[in-house]
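Undergrad: One structure coming up, written as structure tokens, with questions to follow.
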């Protein structure tokens, strides 16, 4: 690859050297500055003169950034080092992803998963089924959702590292955020841009709902972000949630449907209340499913639909589903008496679905303690929608406990006064009693001590609830 081809492909501007800096040229690897070796290319949202000097000392091939600051341009000129400036860093990361797949995994069969809810469970389940079937597969889904943003070169690095260490990949399973941004600015058409770079044989769209308030402010904007994904998938198969009205408005060339009720279609898999049906046959019963809650069965259906579309053997698909263990914080059971469940419910649909499923498990005349961490530094709007979802889900048997989690979050997730106040005001307006704790440890300890042996404690929320499991081990 010529450096000018790279510059042109990402609508960039080249400063400093007009050739790759390292003697041996470009290794083909895109990575982070601290991980970079001779001949690699580094992509960073911003870089200063210290970073440019470090790149020079590491003898990397080139630097790509969106925001040069504090003398970065001058240092690149002084050292005659190639610094590429792009107005949209997502173009660089999409290019890196496409180039990495073409160089390191050109023969793999690729799958993309996007949507508002259920992406991680669906992606991880597809990965597990393929791996259980004996194939070499890589996914970017992890329990803390750190690698699924695609706003940096992490996935490109994961792919090249895996192939170099363990040989050619048979499959890539890539989770893509349906809406993405940086510093409050929307990266328009992110999901479609990344899907096109990956060139999937199968794409899964789980649902379309509100999240990422501030980047998008209406359901129509979320739909606009996802609507280009089927086009990016092209002749590949789109696995679509037939129960989602907006998903069904997408224009997919080769659709495969999933549903929680019967569908009269050969290209469909559905749930009939007693198990999962495909081509008129019950392939899995309720007792064989790793989860029995509504939204998790939807995820199972999406994963099965994807694996059928990939042409995997039905026996391998069934064995993979039966043997699946959930990701952390996906309705994970942390304790038996009282029952404690922990779920990464962090947006309105997730909150309503998780509370609804949990209350079905509650014995008569017992209490469900809903312990919710307020989303910190995410804005008033998403917190207002979240608390309204809690209000809609409230029941006479529910007691609501809130935490700001000041003791466990960093400054990027700190709950601002206005975020806390919108929770309090909305609950008071709806005459809903609640208890609030500044610290998560106090919140969990007090709730655990109050709960009787047959009650249920449900932990919900994003970053502010992530450390709950480790704290509870000490408390219990």
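A short reminder: the numbers here are calculations on the coordinates, not readings from a lab. Values in this document were obtained by computation on a predicted structure and should not be read as measured data. Note: ideal-geometry Cβ built from the backbone for every residue, glycine included; neighbour counts use all protein chains shown.
Undergrad: Below 8 Å between Cα atoms, with a sequence gap of 6+, how large is the relative contact order for the range 92-322 in percent? Don't skip to the end; give the middle numbers.
TA: Working: 464 pairs, mean separation 50.5, N = 231.
About 22 percent, as a whole number.
Undergrad: Follow-up. Once you put a point 7 Å from the Cα of residue 438 and another 7 Å from the Cα of residue 279, both along the Cβ direction, what distance in nm separates them?
TA: 6.3
Undergrad: Given an 8 Å cut-off on Cα distances and at least 6 residues of separation, report the relative contact order of the range 332-475 as a percent.
TA: RCO, the range 332-475: 38 percent.
Undergrad: Explain nothing, just the number: relative contact order of the range 301-356, from Cα pairs under 8 Å at least 6 residues apart, as a whole percent.
TA: Working: 31 pairs, mean separation 10.1, N = 56.
Worked out over the range 301-356, it gives 18 percent.
Undergrad: Sort 446-454, 338-346 for me by packing, meaning the mean count of neighbouring Cβ atoms within 10 Å per residue, highest on top.
TA: Going by the mean number of other Cβ atoms within 10 Å, highest first, we get 338-346, 446-454.
Undergrad: Sticking with this one: Rounded to the nearest 10 degrees, what's the angle between the helix 348-359 long axis and the longest principal axis of the chain, both from Cα atoms, 0 to 90?
TA: 40
Undergrad: Right, something else. Using r as the Cβ-Cβ distance of residue 67 and residue 365, and R0 as 51 Å, what FRET efficiency do you calculate, to the nearest 0.05?
TA: Using R0 = 51 Å, I get an efficiency of 0.30.
Undergrad: Related question: What FRET efficiency comes out for residue 135 versus residue 411 if R0 is 56 angstrom and r is the Cβ-Cβ distance? Round to the nearest 0.05.
TA: Efficiency, rounded to the nearest 0.05: 0.85.
Undergrad: Against the longest alpha carbon principal axis of the chain, how many degrees, from 0 to 90 and to the nearest 10, is the axis of helix 380-393 turned?
TA: With rounding to tens, the tilt is 30 degrees.
Undergrad: Next question, about the same structure. State the extension gain, in nm to one decimal, for the chain segment bounded by residue 254 and residue 288, taking 0.36 nm per residue of separation less the distance between their alpha-carbons.
TA: So the extension gain works out to 9.3 nm.
Undergrad: Another one. Between the range 4-48 and the range 294-357, how far is it from one alpha carbon centroid to the other, in angstrom?
TA: Value for the Cα centre distance between the two parts: 40 Å.
Undergrad: Round to the nearest 10 and give me the degree value, 0 to 90, for the angle of helix 119-132's Cα axis relative to the longest principal axis of the chain.
TA: The helix 119-132 is inclined about 80 degrees to the chain.
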